[in-house]
Amino acid sequence: MKRLTRRNAFLGLVVLAVAALLAAARARPIGVMELPRPCPAPGQAEPAYVEGQILVKFKPQTGVVVRAAAFVALETRLVRRLSRLDIYLLTVPPGESIDGFVEIFGRNPDVEYAEPNYLLRASVTPNDTLFQYQYALSNTGQQIGTIPGSPRGQASADIKATAGWEETKGSSNVVIAVIDTGIDLSHPDLKAKLKSPGRDFINDDLEADDDNGHGSMVAGIAAAETNNREGIAGVAWNARLLPVKALNATGVGPSDKVAEAIRWAADNGAGIINLSLGSETASNTIRDACKYAFDKGVFIAAAAGNGGGAVHYPAAYDNTVFAVAATDYNDARADFSNTGPEVDAAAPGVRILAPYPQALTPAEYLPYAYGGGTSFATAHVSGLAALIKGLKPGLTPAQIMHIIRYSADDVNAAQLRGTDEQIGYGRINLEKALVPLILKK
Amino acid sequence: MAFPAHRCAAAALASALAVIAAANPASAQETASRPRLEPLLDLDYSARAIAWDEKERFSTLAKALLSAGVRIEWLKGWRISALVGLNMSDWSGLIFRSLPFSVEDQAGSRAGLSAGAGLENFIARLGSWDFKVEGRFMVSLGFKKTLPLSGLNEAGEVDMQGSWMHLRAGPVVTYRGFEGFSPFLGASFDRIWGSVTMDESVGDLQGSEKKPVSGRGWAALSGGILWEPGSAFGLGWEVSVYPYPKKGGSPGFDFGMSLKAFFPF
């Protein structure tokens, strides 16, 4: 009885600590809506075709005179002929509608087809409409947000995602379990990425829906549907998500539920487990669950915590869990990011744009929000781990940890050269972790 | 089921030898009254398209060999040769993606030892035309080379070692109607294959990857000139074209060149 009481007291403490951590995180700008409708619609952010130009292909038997007559009649001007394809590039008179000319040419019985001179873009720059605000993935020094006064970051203070994606965009065989408040199962940027509706250990059912927002944001950062002309890009384009709800609507969960969730995720196909949660107090239950998953070959990333103090648990379980600190859009350590020798590396965790549950989003906003905290830094690391695992399925979690550590950029080398307690080995770098190193003479 | 390259090569060599054996040695007009010994010097260069990673990826193996050896006229119409030498092999373009940190080899040429043997059989002379079949097999064992990996937070290095084998066999026709020099043409079954092993060590990370490679082509067309100003010295110059199918089916061509000096006595 005495032991039971002590256990309950311990669980209570853990619950309080987790609650405190998440409350601290929520006090930061998590859930702040800054993107009023209308947001750039698909295709509107950048032009879809070359202004004033159309491409026309005539039927093969059409004579040169007939072709020339068509150009003259419509006052178009020949720019060049793609000789091998027998296609003409024409300019239309200034101010005229491209669509109108396409239609007129299309009605000509001698014309096989006519179309605008569409613009194509390198596939490694995703066409997600909000990608331009994701400085963490590609920082050009752009303004981070749509409202006046939004900050600008320092160019290249990012995780080199676009370069990393040239090597791999991940594998659908890799599953990232997000053990959190659940995931918005019908979110347009998340629903196609779900392995299953997951497991809800709070309500004890098989639908890990999100009634808080934190889990959806974390999931989206790691692996939102990418290159779908909508929303944001995830770090791991092709990885799948497994929602596991172990925190309730206020963002709090007891150790037993979290531990159970870790074991369940490890037993249900997770290759990566994201733990954007923590407590100041160690829990043997969670430590054992982490070891169980690690021994099954699962890479676990956990948030260092946001109080500015010591690294929280489970991130502090050094052998089995990868502890993630946060940096900002200038590659500086976020002042809230916890410190300690357990910190392995850092990732952007300030002003991070992520999907937000539709049910919790006011009608005038898109279901996305800016947030901050080591939770979101952790999601970037989980995404990178998923990319590595997809590329090299045979690697162990320990090897993946080393790859992420050794390839990080020591962005605070000017103050603290080498590994330090603030950002560990440094801010993660997808390019160095994924793209082949060039062996020179 | 894929038929292993070395078995294909062995089968082709056996076929070539069968053709040689079927030829009537009695028809040979050049016979050896006594065994002739010819020291040889051979300088050979070629750049060959190779495939790796389940033949999904491609690069080029450039190799230069300097070999010395002897050629012996052994039986009537038969000549056998043995060569040893040094070579430089450049595997640039190979990418090792199974290592913890993927590595692309752009480190240039690496030295190695090479050895090989050749076999020739004179078949017939028709007018000024000589017909023979010849085969040659060379092996190269590269020296291990260690290079540092830079740009990471922990010191790292890789050890690389490559080896290749080259088999060539086919008929050659030589025109003997000119004084002092003889142009020749040949068509051969030609196969190159091998492997490169890379061992990586970065901090606490270790990994090793052995990458089998094989040439993209199976044939060679060659032509050249033999210049024999006297009975004590000869020089041969040969250019080879190695056709291979590119991805998508269009033809690609590799080239090679060799210079050979021989000193019969």
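The values are calculated or read from the model by the stated rules, or taken from the named source; none is laboratory data. Because the structure is a prediction, the values reported are computed rather than measured. Every residue, glycine among them, receives a Cβ derived from its backbone with ideal geometry; neighbour counts consider all protein chains shown.
Things to note:
- Any hit, region B:69-86, residues being in contact with a Pro (Cβ under 9 Å, 6 or more places away or on another chain) and within 14 Å of another protein chain (Cβ to nearest Cβ): no
- In the set (1) buried (at least 18 other Cβ atoms within 10 Å of the Cβ); (2) under 26 Å from B:Ala107 (Cβ atoms), A:Met401 fails one condition alone, (2).
- Test: residue in region A:245-255 that is more than 23 Å from A:Tyr292 (Cα to Cα), part of a loop (DSSP other than H, G, I, E, B) and in contact with an Asp or Glu (Cβ under 7 Å, 6 or more places away or on another chain): yes
- Restricting attention to region A:410-428, the residues that are farther than 20 Å from A:Ala315 by Cα and more than 9 Å from chain B (Cβ to nearest Cβ) add up to 7.
- For region A:417-427, the candidate set comprises residues that are surrounded by 14 or more Cβ atoms within 10 Å (Cβ to Cβ) and touching an Asp or Glu at 6+ places or on another chain (Cβ under 9 Å); within that set, the residue that is nearest to A:Phe336 (Cα to Cα) is A:Ile423.
- Total residues in region A:279-305, condition more than 21 Å from A:Arg405 (Cα to Cα) and not basic (Lys, Arg): 11
- Matching residues in region A:46-79 - criterion: being part of a strand (DSSP E or B) and among the small types (Gly, Ala, Ser): A:Gly52
- Scanning region A:98-126 for residues that are within 30 Å of A:Ile159 (Cβ to Cβ) and modelled with pLDDT under 85, we see that the one that is surrounded by the fewest Cβ atoms within 10 Å (Cβ to Cβ) is A:Leu120.
- Leading residue by the ranking (modelled with the lowest pLDDT) among those in region B:99-110 that are crowded, with 18+ Cβ neighbours inside 10 Å and of a type in the set (Gly, Ala, Ser): B:Ala107
- For region B:195-204, the count of residues that are assigned to a strand (DSSP E or B) and charged (D, E, K, R) is nonzero.
- For region B:154-166, residues that are away from chain A (no Cβ under 14 Å), buried (at least 23 other Cβ atoms within 10 Å of the Cβ) and free of Cβ contacts under 8 Å to residues at least 60 places away in the same chain total 1.
A quick yes/no check of all residues on (1) in a strand (DSSP E or B); (2) among the aromatic types (Phe, Trp, Tyr); (3) within 14 Å of chain A (Cβ to nearest Cβ):
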| residue | (1), (2), (3) |
| --- | --- |
| B:Phe137 | yes, yes, no |
| B:Leu141 | yes, no, no |
| B:Leu152 | no, no, yes |
| B:Arg168 | yes, no, no |
| B:Val173 | yes, no, no |
| B:Gly186 | yes, no, no |
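- Look at (1) out of contact with any Cys (no Cβ under 6 Å at 6 or more places or on another chain); (2) farther than 21 Å from A:Gly153 by Cα; (3) surrounded by fewer than 24 Cβ atoms within 10 Å (Cβ to Cβ) and you find that A:Ala304 fails only one, number (3).
- If the condition is being assigned to a loop (DSSP other than H, G, I, E, B) and more than 10 Å from chain A (Cβ to nearest Cβ), then region B:89-112 contributes B:Trp91, B:Gly93.
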